[in-house]
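Colleague: Let me begin by handing over the structure; questions about it come next.
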Amino acid sequence: MIRRVASVALIALVAVLAACAPVLTLTPAPAPAPAPAVPSIEQPVIAVTVDDIPEHGGMAPGETRLDLTRRLVAALEAEGVPAYGFVNGGPAQANRDDMAALEYWAGAFPIGNHTWTHANVNELSPEDYIKEIARGEPLLEKLSPAGDWHWFRYPWLEEGDDPAKRLAIRQVLASRGYRIAAVTMDFDDWKYADAYARCAVKGDGSAISRLEDDWLDAVRYNAEESRRVAKSVYGGDIPYVLLTHIGSFDARMFPRTLALYREMGFRFVSLDEAQNHPAYASDNDPAAAPQPTMFAMAQQAVDSPPYTERVPNVDLAGICNQR
Ligand SMILES: [Zn+2]
């Protein structure tokens, strides 16, 4: 996700530079991508996915990965949420606490592949990226002998900036029997991880309260924004696939987060059930041509404003950073 933000910044910079350059040719704006015709659904539903298992961001003093995984799993189980986790095998194998956390998660919920070291597809050759995918498979198999671990979530949500490379990796995913886990709801939970860890170290309760308020505001904002974007692209709700992470602040906030989604009228479904919807056809079949994401299609919608990224009310990089 950080990388995606960096890419957006780069695109913005290029756009500024382009705006300063003389216009030599006028090319017509590309035609909006045709919105796929898909049925909308009666009640909005969410499939919760949890990435970077077993290790994401800083921790509060005295906390372990196993502790926070237990609390996050308990919050999901208390609400009867059928979550799905995406695993980086490398950290798990390097650290006993990490492995205990991964085993705990896998005893409660299914797991899928998130590459061995959280690799960025844009920084590796296709061959090396495929090795990253393959290397995690024995561990996934061992931890979910009866489950279906053939789901893949691209780290950083980067699917490849080179079309040929992107297609080559999709072909390999298809040949190994994977479906791609999409993201159609995302409130940037990862931005809070290190801010919370710093405030926890300082014991700054009022700063933590501000983080909590801002987090819940982000949850609400982005849930409403996903619904608005789905309406502009598909004409109504689709089942949403929510991105979260196995972070310390996630564990703290999950009970209130899930309660807020319920209060907003959402119900929770499995990843399999959510992606059984036609909006996810190209994610379910990596051998098929990739489709733009819902958010990318919204950028081209002519009759409604595009997705608007929320600006946090808290300085997440600066909070609890003063010595
Ligand atoms: Zn990740």
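Readers should treat all values here as calculations from the given coordinates under stated rules, not as data from a laboratory. Everything quoted here is computed from the prediction, not taken from an experiment. Glycine gets a Cβ as well: all are built from the backbone with ideal geometry, and neighbour counts include every protein chain shown.
Colleague: Cα extents of the range 82-150 along the three principal axes, largest first, in whole Å?
Modeller: Extents along the principal axes: 35, 25, 19 Å.
Colleague: Which whole-number percent gives the relative contact order of the range 91-188, counting Cα pairs below 8 Å spaced six or more residues apart? If you can, show how the numbers build up before the last one.
Modeller: Values: 92 pairs, mean separation 28.6, N = 98.
Reported relative contact order: 29 percent.
Colleague: Compute the length gained on full extension between Arg228 and Asn276: take 0.36 nm times their separation in residues and subtract their Cα-Cα distance, giving the result in nm to one decimal. It would help to have the intermediate numbers written out before the result.
Modeller: Working: separation 48, 0.36 × 48 = 17.28 nm, distance 2.10 nm.
Between Arg228 and Asn276, full extension yields an extra 15.2 nm.
Colleague: Looking at Ala200, Gln43, Asn321, which one has the Cα that reaches farthest to the positive end of the dipole of the chain (charges on Cβ: Lys, Arg +1; Asp, Glu -1)?
Modeller: Asn321
Colleague: For the pair Leu216 and Asp162, how long in nm is the line joining their label points, each one 7 Å along Cα→Cβ?
Modeller: 4.8
Colleague: Taking a quarter of the surface of the Cα convex hull of the range 139-264, what do you get in nm²? Each step should come with its number before you reach the end.
Modeller: Working: hull surface 43.1 nm².
Result: 10.8 nm².
Colleague: Further question: Once the Cα atoms of the range 58-112 are picked out, what are the Rg and Dmax in Å?
Modeller: 11.3, 32
Colleague: Still on this model: Out of every Cα pair in the range 155-206, what percent are spaced more than 12 Å from each other?
Modeller: On the way: 1003 of 1326 pairs.
Cα-Cα pairs of the range 155-206 separated by over 12 Å account for 76 percent.
Colleague: Wrap a convex hull around the Cα atoms of the range 130-170, take a quarter of its surface area, and give that in square nanometres. Show your work: numbers first, answer last.
Modeller: Details: hull surface 13.1 nm².
Quarter of the Cα hull surface area: 3.3 nm².
Colleague: Return the aspartates and glutamates within reach of Lys231: Cα separation strictly under 18 angstrom, same-chain partners fewer than 8 residues apart disregarded; answer none if there are no such residues.
Modeller: Answer for Lys231, where 18 Å is the Cα cut-off: Glu42, Asp186, Asp303, Glu309, listed by chain and number.
Colleague: A further question on this structure: Could you work out the helix-only [θ] at 222 nm for the chain, with each DSSP H run of four or more residues adding -39,500 (n - 2.57) and the total divided by the number of residues, to the nearest 500 deg cm²/dmol? Please list the in-between numbers first.
Modeller: Details: 13 runs with 153 residues, N = 323.
Taking each H run of at least 4 residues, the total per residue is -14500 deg cm²/dmol.
Colleague: Report the charge-dipole magnitude of the chain in Debye, nearest 20, computed about the Cα centre from +1 at each Lys and Arg Cβ and -1 at each Asp and Glu Cβ.
Modeller: Values: 29 positive and 43 negative charges, 36 e Å.
For this selection, approximately 180 debye.
Colleague: For the range 37-191, rounded, prolate or oblate, judged on the Cα gyration tensor with a ≥ b ≥ c (square roots of eigenvalues), a/c < 1.5 rounded, else prolate if a/b > b/c? Provide the component values of the computation, followed by the final result.
Modeller: Values: a/c = 1.64, a/b = 1.19, b/c = 1.37.
It is oblate, given that a/c is not under 1.5 and a/b is not larger than b/c.
Colleague: Which whole-number percent of Cα pairs in the chain have a distance greater than 23 Å?
Modeller: On the way: 31085 of 52003 pairs.
That fraction is 60 percent.
Colleague: Using θ = phi - 60° and the Karplus curve 6.51 cos²θ - 1.76 cosθ + 1.60, what whole-Hz ³J(HN,Hα) does each residue of the range 292-297 get, with Gly and Pro shown as x?
Modeller: In residue order, the calculated couplings are x, 5, 4, 5, 5, 5 Hz.
Colleague: Just to compare against my own numbers: the Cα pair-distance distribution for the range 102-200, 10 Å bins, whole % per bin, please.
Modeller: 14, 41, 32, 12, 1
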